[in-house]
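Right, one structure below, let's go through it.
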Amino acid sequence: MDPVVWRSLAADIVSLTGEHLVLVAVSSIIAICIGVGIGIAGTRHRRLRNVSITVANVLQTIPSLALFGFLLPIPVIGGIGQRTAIISLVLYSLLPILRNTIVGITTVDPALREASTAMGMTDRQLLTLVELPLAAPTILAGIRIAVVTNIGTAVIAAVIGGGGLGVLIFRGVASVDTTQILAGAVPAAVLALLADGTLGYLERRIGRL
Amino acid sequence: MAYLSFREVSYAVGERVILDRLSFDLERGETLVLLGRSGSGKTTALRLINRMLERSGGTITIDGTDVQSVDAIQLRRRIGYVIQEFGLLPHWTVEQNIALVPKLIAWPPDRQRQRARDLMAQVGLDPDRFGHRFPHELSGGQRQRVGVARALAAEPALLLFDEPFGALDPVTRHEMQQQFIQVREQFGGASVFVTHDLAEALSIGSRIAVLESGKLEGLFTPEQFLQAETPTARAFLNTLPQGLGPPGARTPRT
Ligand SMILES: Nc1ncnc2c1ncn2[C@@H]1O[C@H](COP(=O)(O)OP(=O)(O)OP(=O)(O)O)[C@@H](O)[C@H]1O
Ligand SMILES: [Mg+2]
């Protein structure tokens, strides 16, 4: 292949990988804040727990391509571009984080909760000293699933002008160019593996404490 | 005035009366054993004292102060509580577990550590060997020693024990009872000890309150208990093997 074409493809890979990372990082951080926050609140309020899990479940069942499509015509949060892509990625990754936060906290041994409360812990101390440390591996497992899924789903952001490695893939599909498809797919797969490995390692580290 | 006092204390969930007008007084230095069958309301009575449950009627006072008039969190920090399931934090070392309440009430870290180490020695655990272990690295008996030390850590006004030795083998259990009796000597307040083991009740209690279906059936000293005529007391006495009862109940062998 022409070295000029090569060089421009390499430059595309680098900049689009950067865009991809921004999409994933921003959406994951927002999803973690919302998911863990609502998850914690949900362990204190049964109604909130049921409602939030149901909503997150429904969001998860919408095919990702359709979710991006639904958001397009919505004013303020919708429209063409990166912001819409990030919002759909957030909605899409809420469920595993929310569910694992709730499961992690509610499965803490009741005897621990009993003893800790009886020793005079406030609800906040119970949360920060007992429940969150013990639920951390489970919560982190949810985050890992969300981030890894996110890296794959973010490919679709290209469809609504959100950028990222999907640009290469869709361009390659349109022009039946395997090299372009691979140039998008391989870095995305590598990112997913790296994220999975790193978060998995953290999860095991925390689990041993 | 008595140190711990129950006056007509009741607890009901909806229509269901779980404790029915319980009254007794306990002096400083005494150990009241709550003896009763499963479901008689022993745990409920304990949990009313540290307000893990709120009574439906009557008054409970500690050293003249109605427990209802104190903030529940502050109240609990002044009451040691030991449960059968140990309830030690698995991600904290033995030392940290023992120093839990001192940490909550913000003692300086050095004082927390020193207190934890002193208490370990008191309950028969070598501080250097066990201080930095985690609960899963201890036997059941050792864990419950930690549980007892934790309850004592912040010099509580009152100790509550809910079948603390129920999960232990008989020999360890006996050791722990002896340890409890020793520890109690150095402890100024009063203790309430729940058990359904008669031998334990007789060797530990200065008085034994018999609970049956949420009612106080009788209040006895260990000596009186051996002669008691109430149905539940008799039922418990009948569980003693003939001629093998505790000291005092022992009949001369022929
Ligand atoms: N929240 C509740 N709602 C309804 N009933 C309850 C509740 N908590 C306890 N009970 C009932 O109150 C009674 C006393 O319970 P409690 O746990 O005090 O018994 P206990 O004497 O400690 O028994 P055990 O020796 O088995 O521990 C039981 O019949 C139990 O089923
Ligand atoms: Mg009980």
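The values are calculated or read from the model by the stated rules, or taken from the named source; none is laboratory data. What you see is a predicted model; the values in this text were computed from it and never measured. Backbone-built Cβ (ideal geometry, glycine too); neighbour counts: all protein chains shown. Heads up: the accessible areas ignore ligands, DNA and RNA and are worked out on the full protein's heavy atoms, side chains in. Shrake-Rupley method; radii C 1.70, N 1.55, O 1.52, S 1.80 Å.
Observations on the model:
- Using θ = phi - 60° in the Karplus curve 6.51 cos²θ - 1.76 cosθ + 1.60, the 3J(HN,Hα) couplings for the stretch A:195-200 round to 4, 4, x, 5, 5, x Hz; x is entered for Gly and Pro.
- Inter-centroid distance (Cα atoms) of the stretch A:7-71 relative to the stretch A:161-190, Å: 21
- The stretch B:1-29 and the stretch B:183-197: distance between their alpha carbon centers, rounded to Å: 18
- With all protein chains modelled, accessible area of residue B:78 [1.4 Å, Å²]: 130
- Gaussian network model of chain A, springs between alpha carbon atoms under 10 Å - residue of A:183, A:118, A:31 with greatest fluctuation: A:118
- Ellipticity estimate at 222 nm from DSSP helix runs (n ≥ 4, -39,500 (n - 2.57)) divided over the protein assembly as shown, nearest 500: -17500 deg cm²/dmol
- Rolled with a 1.4 Å probe across the full set of protein chains, the surface gives residue B:92 an accessible area near 30 Å².
- Here the protein assembly as shown is assigned +1 on the Cβ of each Lys and Arg and -1 on the Cβ of each Asp and Glu. Its dipole about the Cα centre then comes out at about 340 debye.
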